[in-house]
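Enquirer: The structure that follows is given in the form of structure tokens.
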Amino acid sequence: MASCWWRWRRGCSWRPAARSPGPGSLGRAGLSGLRAAAAAAASRAQMSYFNLVKSLTSAFPNMYSISRFHHVTPAVCCCSRTRSGEKYTDPFNLGWRDLKGLYEDIRKELFISTTELKDMCEYYFDGKGKAFRPIIVVLMARACNIHHNNSRNVQASQRAIALIAEMIHTASLVHDDVIDDASSRRGKHTVNKIWGEKKAVLAGDLILSAASIALARIGNTTVVSILTQVIEDLVRGEFLQLGSKENENERFAHYLEKTFKKTASLIANSCKAVSVLGCPDPVVHEIAYQYGKNVGLAFQLIDDVLDFTSCSDRMGKPTSADLKLGLATGPVLFACQQSDGVQQTTYLAQRYCREAVREISKLRPSPERDALIQLSEIVLTRDK
Ligand code: GRG
């Protein structure tokens, strides 16, 4: 396996790819919580397989097919080989060429004179995040540009989308930590813990407004409406998370809708935005969107698995957090109607990644397209 950009950046180790994770491989911190929650949930009600199918297919008739769920084919994505025939490329190295100065440029966008507010808004733009979203965005931009007219350059407006995506993401993290009363993120105290909730909300607002100004400056109304949809989705996703479904049948659909809105929408729509800027073909826009959506869903499913299987030190934030907040994520929801929630959630993430690979493979071969394929494997094997 090629060197992973975020192991390279942050010195983290790989989780073994979940080729056939037996029950023994899951017994790490937080699993006892999973089992307890799963047992409690299972004793409350047994969601039948049929009802699960019904609830999922009715909520997302076009997005989700039950045949993707409970699938025990143990293969990860078929993405360990380069498809363009060119040298095996590391997604981070390739993407980072267009992202040099990313955080300095974001700090310029923030342009705040008040010292305290400036410190709060710049707090997470310290280079310690994975920059997962900007990397995907610039790789997608290049892949689409090459597909369209063999152009090897990322346009300034496309690079701006990478910055904007990271700013929207960060603003939502600041707000999310207030809602969850979280005390640590990325291995340090949260903004709300240091400056208090009220100021944290305002800092999140300011980052979001700076992102909106940068978006307006691009001057493309289609792109503006694509990315403002993300902001609506983030809020609606967070709102969905505040509620729960009494009806067991609706719980999984509710979880997947929340997952799309909270995490996948930003990745899907940022990918779509750069494709619109780089290529006039709506078919390409849909490929970019579908790739981002599927990778985003897989990313969040693995995030939910890591909440059970990883430890706080590695994640840089508290683990088992979802259970403590009373949130039933994939591992618990699957465990309600069969034994192995973590494994089934991982399989589901694999299915989404395979779909992402299928979509992006429709573009003309390029190192950037291969890097996006590789990135989907990194999503599955990341350990933080
Ligand atoms: C629009 C400002 C605004 C708020 C909307 C609070 C809220 C309402 C939305 C929250 C959305 C949210 C925080 C989703 C979590 C997504 C997620 C998986 C975050 C973790 O991403 P990583 O692992 O984090 O990429 P790093 O720290 O590496 O950036």
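Enquirer: Looking at (1) crowded, with 23+ Cβ neighbours inside 10 Å; (2) within 7 Å of the ligand (Cβ to nearest atom), which one does Met167 not meet, given that it meets all the others?
Expert: Failed condition: (2).
Enquirer: Go through segment 130-159 residue by residue and tally those that are surrounded by 23 or more Cβ atoms within 10 Å (Cβ to Cβ) and away from the ligand (no atom under 16 Å from the Cβ).
Expert: Counting residues in segment 130-159 that are surrounded by 23 or more Cβ atoms within 10 Å (Cβ to Cβ) and away from the ligand (no atom under 16 Å from the Cβ) gives 9.
Enquirer: Among (1) within 16 Å of the ligand (Cβ to nearest atom); (2) farther than 19 Å from Ile287 by Cα; (3) open to solvent by less than 10 Å² (accessible area, probe 1.4 Å), there is one condition Tyr352 misses while meeting the rest; what is its number?
Expert: (2)
Enquirer: Please go through segment 263-285 and pick out each residue that is open to solvent by 50 Å² or more (accessible area, probe 1.4 Å) and either polar (S, T, N, Q) or touching a helix residue (DSSP H, G or I) at 6+ places or on another chain (Cβ under 8 Å) (or both).
Expert: Lys272, Pro280, Asp281, listed by residue number.
Enquirer: With respect to the numbered conditions (1) surrounded by fewer than 23 Cβ atoms within 10 Å (Cβ to Cβ); (2) farther than 20 Å from Val223 by Cβ; (3) within 11 Å of the ligand (Cβ to nearest atom), which one is the sole condition not fulfilled by Gly204?
Expert: It fails just one condition, (1).
Enquirer: When only residues in segment 212-235 that are under 15 Å from Ala171 (Cα atoms) and open to solvent by 40 Å² or more (accessible area, probe 1.4 Å) count, which is farthest from the ligand (Cβ to nearest atom)?
Expert: Applying the filter and picking the extreme gives Ile213.
Enquirer: Which of the helices (runs of 4 or more DSSP H) contained wholly in segment 86-129 include at least 3 residues that are open to solvent by 30 Å² or more (accessible area, probe 1.4 Å) and without any contact (Cβ under 8 Å) to a residue 60 or more places away in the chain?
Expert: 102-110, 115-122
Enquirer: Quick one: count up the residues across segment 251-262 that are closer than 18 Å to Val295 by Cβ and open to solvent by 10 Å² or more (accessible area, probe 1.4 Å).
Expert: Final tally of qualifying residues: 5.
The values are calculated or read from the model by the stated rules, or taken from the named source; none is laboratory data. Remember, it's a predicted structure, so these values are computed and weren't measured experimentally. Quick reminder, even Gly has a Cβ in these numbers, built from the backbone with ideal geometry, and neighbours come from all protein chains shown. Each accessible area value is taken on the protein alone, full model and side chains, heavy atoms only, with ligands, DNA and RNA left out. Shrake-Rupley method; radii C 1.70, N 1.55, O 1.52, S 1.80 Å.
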